[in-house]
Every structure is written in C-alpha cells, then in structure tokens.
1. Residues Leu202, Leu160, Leu190: which one is surrounded by fewer than 21 Cβ atoms within 10 Å (Cβ to Cβ), in contact with a Leu (Cβ under 6 Å, 6 or more places away or on another chain) and within 21 Å of Thr86 (Cβ to Cβ)?
2. Does Val267 count as of a type outside the set (Lys, Arg) and in contact with a helix residue (DSSP H, G or I) (Cβ under 6 Å, 6 or more places away or on another chain)?
3. From the residues in region 209-230 that are farther than 14 Å from Phe30 by Cβ and touching a residue at least 12 places away in the same chain (Cβ under 8 Å), which one is surrounded by the fewest Cβ atoms within 10 Å (Cβ to Cβ)?
4. Looking at region 23-64, which of its residues are of a type in the set (A, V, I, L, M), under 20 Å from the mean Cα position of the chain (by Cα), at pLDDT 95 or above and surrounded by 22 or more Cβ atoms within 10 Å (Cβ to Cβ)?
5. Could you say whether any residue in region 246-253 is touching a residue at least 24 places away in the same chain (Cβ under 8 Å), in a helix (DSSP H, G or I), touching a Pro at 6+ places or on another chain (Cβ under 8 Å) and among the polar types (S, T, N, Q)?
6. Of everything in region 182-232, what is within 23 Å of Gly165 (Cα to Cα) and in contact with a Pro (Cβ under 9 Å, 6 or more places away or on another chain)? Give them in sequence order.
7. For a quick check of your reading of the model, give me the residue pairs whose first member lies in region 1-24 and is on the phi < 0 side of the Ramachandran plot, whose second is surrounded by fewer than 13 Cβ atoms within 10 Å (Cβ to Cβ) and at pLDDT below 90, with beta-carbon atoms closer than 7 Å and at least 6 apart or on different chains.
Amino acid sequence: MSNISNKTRGVIFLLLSALMYSIMPVLIRFLGGGGIPPMSQVFLRYIVAFLSAFIHLFFFSKVKLKIEKKDLPLLGFATIFTYALTNLFFTYGILYTEVSNALFLFYTYAIMTPIIGYFLIKEKLNKYNVTALILSLIALYLLFRPNSLPTWKIGGVFALLAALGQSLYVVIRRALTKYPAIVMMFLNTLVGIIVLGVMSLLFENSFYSDKTILQLSANTYLVTILFGIDNFLAWFFMTKGFELFKATTGSLILLTELIFGIFLAFVFFSEIPTLLTVIGGFLILTSSMVVILRGSN
C-alpha cells in the first residue's frame, strides 16, 4: 500500500473493519444457541483474538512493545471499558433484545462520536459532516424501524452501553495514535482475556465446573475460533483506520457495515430487502461518500 494515499488506505481499513463487523450478530446468536453463555463466549473468542495479535506482533511486525507511564490510565480505560466490556455489552444486547432494536441502538455510536470527539479532543464538524450525520440517523431508522421503548428491555441498555464504548474507543484511539494498531490490539486482547476470564469464572462457573465446555459440538468450537479471528481483524482494521481518519468521519464510514449486512443476508439467507431497507442503505452509502469526499478528514 506504499503508493496509496493515506486517505485511501484509511477508507480501505475502515471498509474491511465494517465487513468483519457485519457477520458478528449472526455468530453471536449461533454461539448462544450452541450452549456458550455470554461472558464465556466473549472470553473464548478473546483467547483466539489474543493469539492472533501475539503472533502478528512478535513474529510478523517490526513494531516494539513500548508503553509510556503517562499513558497507562488512558490505556487502562480503553482496554477495559471501550474494548473488553464493549464487546460483552454488544453480545448481551444481541441476545437479550430483538436484533433490530439492538443494532439500531448500537449504531448510534456514529451519532455519539462527533459529540464526544468535540468535547474530548476538540474535533470540529463541517457542514458536510453534519449533513452525513443527519442522513445516517434517518437511514438507521429506516433500516431497523425499532420497536417502542418498552420492548428494548435490558438488552437495549447493553446495546447503548456498547455504542458508548465503541464511540469512546474511536475517540481515545485518536488520542493514542502514537501506538501502532497491533500494539493496541495486543493490549486490548490481553486485558480482555483477564477481565472476561475472571468475570466468566465468577458468574458462569458451572460452564467450566460441570465440564459443559467439553461437551460443545465441533461446529461450535470452529465458529468460536473463526469468531475470535474475525474479532481481531475487525478491531485491528478499525484501529488502523483511525490512525488516518478523524473520529467523526471514520465512524460514519464504518456504517457501511450495514450495507454489507444487507448483501450477506441476501446471499446467504435469500432475504429480499424491502424498499425502506434499500432507501436506508442508499442513505448510508451517500453519507459515507459525503464524508469521504468532502468531510473533515
């Protein structure tokens, strides 16, 4: 990619991240049905994601693992809340409310990000960013048409927490650009294993003590491994992308995940998109093009 501009590289990384993200809801439901409780589900895929990050960092990259003491508080918050717990919140959101409600609430991170970015790192919006934000909000409503508030229940709360965590990660990443993406992913996944390992042993101990983990099907193990790799790649590409894009602009580009989701549903499940879905997808595509071409990058 040496001959490609930084802007183009950033778009490619964010689009790859969006593609990896687009299959996560399906994998979460599959593993839930396969007998893995939520915390353990996240813990097991973190193990795979950590191994992926470890191999990449120490065997394939030329990056050295070096951390400055003054960055430890921010890194700690980023790895624990905006990575480790955000994935858990997203998993609970998908499992404990309707998928359409969970996704609508989660993708509001693209609306939260410019607000948080403005207050924390003083990122400014131009009129094209604002236009894209409005188009994206309309698109989210058309795509998911969420039910009334009482139907969101506890899953809706977790989906909103996941949105907040995702938004904060994007903004904090802009404040920690001195650390290469693979270093961030190594730290994220290492802390993720520790945090979710402790939580799963405390709250889902029977999954291990009753040896339920040994009774899972081969397909469930395989999907867990693939999900861990997908988890690593999605966050790695996103982290790389935000080395090159502002938080507001990049978060809107990430919404192209929804377009990938519509396409995958058509290919694998023969789901014919409705007119409102097509309009919503078109608005997402339009808002992404607006911020790529004219947004504040």
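1. Leu160
2. On the way: of a type outside the set (Lys, Arg): yes; in contact with a helix residue (DSSP H, G or I) (Cβ under 6 Å, 6 or more places away or on another chain): no.
Here the answer is no, as Val267 does not meet what is asked.
3. Across region 209-230, the extreme among qualifying residues is Gln215.
4. Scanning region 23-64 gives Met39, Val42, Leu44, Ala49, Ala53.
5. Going residue by residue through region 246-253, those that are touching a residue at least 24 places away in the same chain (Cβ under 8 Å) are 246-253.
Among the residues that remain, those that are also in a helix (DSSP H, G or I) are: 247-253.
Okay, now just the ones that are also touching a Pro at 6+ places or on another chain (Cβ under 8 Å), so 247-248, 251.
Those still in the list that are among the polar types (S, T, N, Q) too: 248, 251.
Scanning region 246-253, I find at least one residue that is touching a residue at least 24 places away in the same chain (Cβ under 8 Å), in a helix (DSSP H, G or I), touching a Pro at 6+ places or on another chain (Cβ under 8 Å) and among the polar types (S, T, N, Q), so the answer is yes.
6. Hits for region 182-232 are Ser200, Phe203.
7. If the second residue must be surrounded by fewer than 13 Cβ atoms within 10 Å (Cβ to Cβ) and at pLDDT below 90, the pairs left are Arg9/Met1.
Let's see how each residue does on (1) among the basic types (Lys, Arg); (2) over 30 Å from Tyr96 (Cβ atoms); (3) in a loop (DSSP other than H, G, I, E, B); (4) in contact with a strand residue (DSSP E or B) (Cβ under 7 Å, 6 or more places away or on another chain):
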{"position": "Thr8", "(1), (2), (3), (4)": "no, yes, no, no"}
{"position": "Leu44", "(1), (2), (3), (4)": "no, no, no, no"}
{"position": "Phe50", "(1), (2), (3), (4)": "no, no, no, no"}
{"position": "Leu65", "(1), (2), (3), (4)": "no, yes, yes, no"}
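The values are calculated or read from the model by the stated rules, or taken from the named source; none is laboratory data. Quick caveat: nothing in here was measured; it's all calculated off a predicted structure. All Cβ positions, glycine included, derive from the backbone under ideal geometry; neighbour counts span all protein chains shown.
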